Amino acid sequence: MSPRKKKTEIQRKFYYYEIDIRREIAGSVEKVPDLKKCIKDIFCRIKHLKYSDTDFTDKYLVQENERGDYTYLIIDELDDHYIKFRMLLCKDKLLPYIEESGKLEPLANKVITGKKKLAEITHGIIFLESNTLALEYNAAGGRKTDLSKYIDSKAGIPQITYLTNRVNPDTLKNIKQNGEISLLKIKVKTNSAVIAMLTAEDTAFSSLNCKNDDIDSVEIVMRRRTSSKKKGFIFPFLSAEFVNKLFKNNKEDFDKFSLAYGSGSGEINLLEEQFICNDPFIPIEKTKTIKQEEAYNSMIEYYDSKVKEYVVEDEEH
């Protein structure tokens, strides 16, 4: 008898964001004065909302989005330190077919009856000490935009929530302003806004423009064999400030971003140590969903070891 096959691990990424909430104060839109209290109050309110399949107002838990999908949160823990939650994105449209004995039948007919819907789970934690959000990247599930819209819809008061990527300043210090580049690699999603930002600075990046809907990502590699007489290429716009701008709103869109300067220099991975936790997990049964406590533990461990020192102010200063 062959040995039993071990269950395949899956990789999960968690990104870290800064939270900013703005409301109308004294006639102008400003940051809320006590962000920690504001966030906690909103999630306490969400935790006590009732579920409804028909009422999607701020008095009930579920929100219907513009795509006809449904979003809501399950709050697993809420105290003065953490808010641990699961964001569910529920779908009942565009479902695939299932094959049985040579016949095709809509999957909805097999598994969805009444008001049941297929749900994708995205795990998240808010670290209240630094207004930092850690959020699982789930290609089929809810994203940061779904979360920010949901928070605003259930806050009970008009507001705008901004979630921007935490960026590691130490990594960006490796970028040399007007440095002679011998290698530049960028791999990015085809629909990313950063493509327009790059091509607006230099037409060399126009090859990233891909209009084929069947292609998920595009990659560009620029290389120059440098020597004492053969200099590298220069992109004056490619500064720490510019890359910080790219990463702030679109870090999730990059699979690669690295460069090298001059002859014999090592390749610098600008995504490395860039507040992206990437860990393996054993999925639950035959799904691609991971256990919530394992997800939370991974996010906390990475935050404590890699992120906290950059985002928590020294109380002595």
- Query: Semi-axes of segment 191-317's equivalent ellipsoid from the Cα gyration tensor, sqrt of 5 times each eigenvalue, largest first, rounded to whole Å?
  - Reply: 33, 23, 16
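May I ask you to derive the FRET efficiency for Ser263 and Thr145 from their Cβ-Cβ distance with R0 = 41 Å, giving the value to the nearest 0.05?
For R0 = 41 Å, the calculated efficiency reads 0.40.
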- Message: Shape verdict for segment 11-88, please, from the Cα gyration tensor: rounded (a/c under 1.5), prolate (a/b greater than b/c) or oblate.
- Response: oblate
- Quick one: grab Rg to one decimal and Dmax as a whole number for the chain, Cα atoms only, in Å. 22.6, 75
- Item | FRET efficiency estimate (nearest 0.05) - Cβ-Cβ, Lys229 to Ile282, R0 51 angstrom | 0.40
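Considering only protein heavy atoms, what per residue accessible area in square angstrom results for the chain with a 1.4 angstrom probe?
The answer is 58 Å² per residue.
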- Query: Once the Cα atoms of helix 35-47 and of the chain are each reduced to a long axis, what angle between those two axes, in degrees from 0 to 90 to the nearest 10, is obtained?
  - Reply: 40
- Note on the structure: Note: Asp304 to Lys291 extended length (0.36 nm per residue) minus current alpha-carbon separation gives 2.6 nm
- Query: Can you give the angle from 0 to 90° between the axis of helix 240-250 and the longest principal axis of the chain, with both taken from C-alpha atoms, to the nearest 10?
  - Reply: 20
- Task: Please list Lys256, Lys173 in order of solvent-accessible area, largest first, computed with a 1.4 Å probe with all protein chains present.
- Result: Lys173, Lys256
- Message: Once you place label points 7 Å from the Cα toward the Cβ at Glu9 and Asp55, how far apart are they in nm?
- Response: 4.7
- Note on the structure: To the nearest 10 degrees, the tilt of helix 144-154 (Cα long axis) against the first principal axis of the alpha carbons of the chain is 40
- Item | Rounded if a/c under 1.5, otherwise prolate or oblate - segment 117-169, Cα gyration tensor axes | oblate
- Provide Thr54, Thr71, Thr287 ordered by accessible surface of protein heavy atoms (probe 1.4 Å), highest first. Thr54, Thr287, Thr71
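Pairs of alpha-carbon atoms within less than 8 angstrom and 6+ residues apart define the contacts here; what relative contact order does the chain have, in percent?
Contact order relative to length: 21 percent.
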- Message: How large is the accessible surface of Glu309 in square angstrom, using a 1.4 angstrom probe and rounding to the nearest 10?
- Response: 140
- Estimated distance in nm for a label pair at Asp170 and Ser207, the labels positioned 7 Å out from Cα along Cα-to-Cβ: 3.5
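The values are calculated or read from the model by the stated rules, or taken from the named source; none is laboratory data. Not measured: the values here are computed from a predicted model. Neighbour counts run over all protein chains shown; Cβ positions are idealised from the backbone, glycine included. Areas reflect the complete protein model, heavy atoms only, side chains present, ligands, DNA and RNA absent. Shrake-Rupley method; radii C 1.70, N 1.55, O 1.52, S 1.80 Å.
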